[in-house]
Every structure is written in C-alpha cells, then in structure tokens.
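Student: Structure incoming, see below.
The values are calculated or read from the model by the stated rules, or taken from the named source; none is laboratory data. What you see is a predicted model; the values in this text were computed from it and never measured. Neighbour counts are summed over all protein chains in view; Cβ atoms, including those assigned to glycine, are modelled from backbone coordinates with ideal geometry.
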Amino acid sequence: MQPWATTPVPRTPGTPRPLRLFDTASQEVRPTAPGRTAGLYVCGITPYDATHLGHAATYLTFDLVNRVWRDNGIDVTYVQNVTDVDDPLLERAERDGEDWVVLGLRETALFREDMEALRVLPPAHFVGAVEAVPEVVEVVAKLLADGAAYRADDPEYPDIYFDHLATGRFGYESNYDEVTMGTLFAERGGDPDRPGKRHPLDALLWRAARPGEPAWDTELGRGRPGWHVECSAIALNRLGMGFDVQGGGSDLVFPHHEFSAAHAEALTGEHPFARHYCHTGMIGLDGEKMSKSKGNLVFVSRLRADGVDSRAVRLALLAEHYRSDRSWTADLLAEAEARLDRWRRAVALDAGPGAGDTLDRVRTYLSDDLDTPAAFAALDSWAAEAAAGAGDDRDAPGLVATAVDALLGVDLRA
Ligand code: ZN
C-alpha cells in the first residue's frame, strides 16, 4: 500500500542520546538499537472505523522512537501493517450493508490523512493483510509441515491452529499466567471454546472459507489469514528475526504480540522475534474507558473537522507518559493549545536564553523511556524565560524550534 507523505526532519545541533525503552518481556528499561540500522514494527489498524485518539497516541509514541533513533544517526526501517481483512471489518461491513473492500479502503485513506496531519513519519513498508496473503500462506504451510500447527478436527471447516506450546517459551513476552492468558484470549478475539482445537489457547492461523466470507484459493485450501500470523509474516519478510522494537497498544500485549512472536520463533527456530516489545497506555474519555461498545470514541478526523490544531492534539496526547493510561478531556486539549501558543511565541522572539542546556535536557529525558512530561517541562521553562525577556542569544529561538520539530514532530514556525 502507499503510505502517507513524509515531512523533512531537520538535524538538531548538540549531542544525541541513545534511546532506552521499557520492554514488556523483560519488564525493565533497557537500551535499544545498538547498531547503525534499526527495525521498527508497529501493529496497524483494522480499518473498519476512523482513527481514534487511542490509535493516535500509539503512533505518536512510536514516531518519537523513530525520531530519537534518527537523531542518533540510525537508519530506521519502519514497517506497519493494515489488517484489511478480519472479523471486525467484515462485521461492520455486514452491519452497514457495505462492501468490506470499499469500507477498508475508505478508512485506510482517512487514517493516512490523520497520520499526515499529526506529522507522523510514514513507514517504509505499509502492508495490507490482503496483499500479504501469499506471505501468510508460506508461513502457515511451513508451520504445518513442521508440526507446530494443525488442522482443527472439523471436516466442514478444517481451520488451521497454532500449537501454542510449539516453542517451549510461550508467555515470555506478556509474562501472564495461564488464567490471565485464558481470560484475555477470550476477550480479545480468541476462540477458546471452538470445538476441534487441541487446546483452548491455540490461536487461529488460517480460517477455512465460510459462505459469504472473502476467501483466497491457496495451497492451504480456500480461506483467509488469522490476525497474529499476518504480523509475523510481514515483519519477518521485511525486518528479519531479532528486529529492534515491536510496538502497539497495551491491549496487544496478549494474545497478539505473544502469538506473533511465537509463530515467528516456531517458524525460524530463532529467538527473539523482537528485542523490545513496547506498549502504550490506553486513552480514556473524561475518566471512562474509550471503546466502540460505549460509543464514546473521539476521532482525530472529527477534531480536525472541528478546526482543532493537530499540533495541539499531538502535544495533548504526549503530555503524560506514554505507558500510563490517561484520559482525554477538554482541559487536556486546552492546556496543550496554551502550551503550543507559548512555545510558538517564544521561538518567534529575536532572542532568548541559551538553548544548549535545554536541548540537552530534552534529549536526555526523551532517551529515558520517552519521558515527554519532563521534556515538555524543560521547554516550558525555556519559553517562560524567553517570554520574560531573559537572555540575548539570537540563535536560541531557532535552535529550540528546530529541536521541537525534529525530536517532537511539532513545527512551531508553521
Ligand atoms: Zn500486529
């Protein structure tokens, strides 16, 4: 698929700081990307609805990862999928009497617009599940041949399942116990009660064709891909095993990331799939969980249509730490708008306090597991001093604007 348009990233003077991130598998903040190149895979949308603020917060977080790595001179390969054939998309199309392909294309187009407006740097590979069907078939066929996968005992619908014990290290990514895994598996798209499976926790790799559902004729028989294996195949074929970061919302810790890792590890016999598994907190609305069942999703496109500055959306979603569950409120947006206004005024001044120390602090905080609240506070201090007329460094406003553009993705001069 065509990704969205990119924006140039200026170089920031001073000394970059290597990025450390919290890894869900090891439960600690560890150094990332030791080499000159880095691979980033962030799980993409299922395009049955517009981009909500939870999605946006996730892609903005990993945009910071991308930007901090680039600041360190690392050549980043960013890969993102689009789950453009899966149950939620088909169910929504059915409910609305719409063609699932048309629905998927429309919502993917809107997602691109939202990402561009939020100034998220685009992936090098933006890959739909539909276009990746041959890649998934290849993975599933090998897992079957190796005995890591099996057909359900169901002559009518011989779906293919992954034996979750195939690698001997299932659970290492999420660190959840079996009871928690069972609960989350049932809640998040799994089918523990499906007859014909060997174990309730085994995950679907290939779904045999049902009447009225889209399906492809392949060596596995007529059917369509499961969800987790889509990410295993797309990531493996573009980044290889042991890539640097797999990212997503905290609702992907299990089963999605556990299985995408297990599939790839069973396939290759290598470990790990990703060196870091990173997860972003959930965004609620006014203290409540934001969900499609509650009908309280706030969409990026709606905010844009209402004339909200996308830069303020960006600052609002990054104002608290990415791993914390947090709430979208009118106050949060108003504070971000005020901050944007203060920063813009400060960088428009002819002079300000020297920026070197501020830039160094911003880099230090971002490199420490993306501590945006501390980075924002450092910039607030500089802006307040500049506004008060402190300092006569004529380069400082330009330097701060460049750093905020490059590292935080906000163009204060637009
Ligand atoms: Zn994924």
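Student: Among (1) part of a loop (DSSP other than H, G, I, E, B); (2) among the aliphatic types (A, V, I, L, M); (3) surrounded by fewer than 18 Cβ atoms within 10 Å (Cβ to Cβ), where does Leu370 come up short?
Tutor: So the condition that Leu370 fails would be (3).
Student: Please specify each residue of the range 177-191 satisfying the condition of being outside any helix (DSSP H, G or I) and within 25 Å of Thr46 (Cα to Cα). Step through it out loud before you land on a result.
Tutor: Quick first cut of the range 177-191, residues outside any helix (DSSP H, G or I) only: 177, 188-191.
Once the filter is applied, which keeps residues that are outside any helix (DSSP H, G or I) and within 25 Å of Thr46 (Cα to Cα), the range 177-191 yields Arg188, Gly189, Gly190, Asp191.
Student: Something else about it: Mind telling me which of the residues Ser260, Ser250 ends up being surrounded by 23 or more Cβ atoms within 10 Å (Cβ to Cβ), at pLDDT 95 or above, closer than 20 Å to Asn81 by Cβ and of a type in the set (Ser, Thr, Tyr)? Spell out the reasoning first.
Tutor: Working: Ser250 fails: surrounded by 23 or more Cβ atoms within 10 Å (Cβ to Cβ).
Residue meeting the stated conditions: Ser260.
Student: In this structure, does Trp216 turn out to be farther than 19 Å from Asn66 by Cβ and within 16 Å of the ligand (Cβ to nearest atom)? Before the answer, list the steps.
Tutor: Working: farther than 19 Å from Asn66 by Cβ: yes; within 16 Å of the ligand (Cβ to nearest atom): no.
No, not satisfied.
Student: Would you mind telling me which numbered condition in (1) touching a residue at least 60 places away in the same chain (Cβ under 8 Å); (2) not in a helix (DSSP H, G or I) Arg238 fails?
Tutor: Looking at each condition in turn, Arg238 falls short on (2).
Student: For residues that are acidic (Asp, Glu) and touching a Ser or Thr at 6+ places or on another chain (Cβ under 6 Å), scanning just the range 255-274, find the one that is farthest from the ligand (Cβ to nearest atom). Break it down stepwise before answering.
Tutor: Quick first cut of the range 255-274, residues acidic (Asp, Glu) only: 258, 265, 270.
Among the residues that remain, those that are also touching a Ser or Thr at 6+ places or on another chain (Cβ under 6 Å) are: 258, 265.
Details: Glu258: 11, Glu265: 15 Å.
Residue satisfying both the conditions and the ranking: Glu265.
Student: Let me spell it out: the conditions are (1) charged (D, E, K, R); (2) closer than 30 Å to Glu213 by Cβ; (3) more than 16 Å from the ligand (Cβ to nearest atom), and Glu230 meets all of them except one. Which number is the exception?
Tutor: Going through the list (1) charged (D, E, K, R); (2) closer than 30 Å to Glu213 by Cβ; (3) more than 16 Å from the ligand (Cβ to nearest atom), Glu230 breaks only (3).
Student: Being more than 23 Å from Leu89 (Cβ to Cβ), touching a residue at least 40 places away in the same chain (Cβ under 8 Å), more than 16 Å from the ligand (Cβ to nearest atom) and not in a strand (DSSP E or B) is the filter here; which residues of the range 24-64 pass it?
Tutor: Gln27, Thr32, Ala33, Leu60, Asp63, Leu64, listed by residue number.
Student: Which of the residues that make up the range 74-107 are hydrophobic (A, V, I, L, M, F, W, C), touching a helix residue (DSSP H, G or I) at 6+ places or on another chain (Cβ under 7 Å) and away from the ligand (no atom under 16 Å from the Cβ)?
Tutor: Once the filter is applied, which keeps residues that are hydrophobic (A, V, I, L, M, F, W, C), touching a helix residue (DSSP H, G or I) at 6+ places or on another chain (Cβ under 7 Å) and away from the ligand (no atom under 16 Å from the Cβ), the range 74-107 yields Val76, Leu90, Ala93, Trp100, Leu103.
Student: Taking the range 195-213 on its own, how many of its residues are closer than 18 Å to Phe254 by Cβ, away from the ligand (no atom under 16 Å from the Cβ) and touching a residue at least 24 places away in the same chain (Cβ under 8 Å)?
Tutor: Going residue by residue through the range 195-213, those that are closer than 18 Å to Phe254 by Cβ are 197, 199-205.
Now narrow it down to the ones that are away from the ligand (no atom under 16 Å from the Cβ): 197, 199-202.
From the residues that got through so far, the ones that are touching a residue at least 24 places away in the same chain (Cβ under 8 Å) too are 197, 199, 201-202.
Total meeting the criteria: 4.
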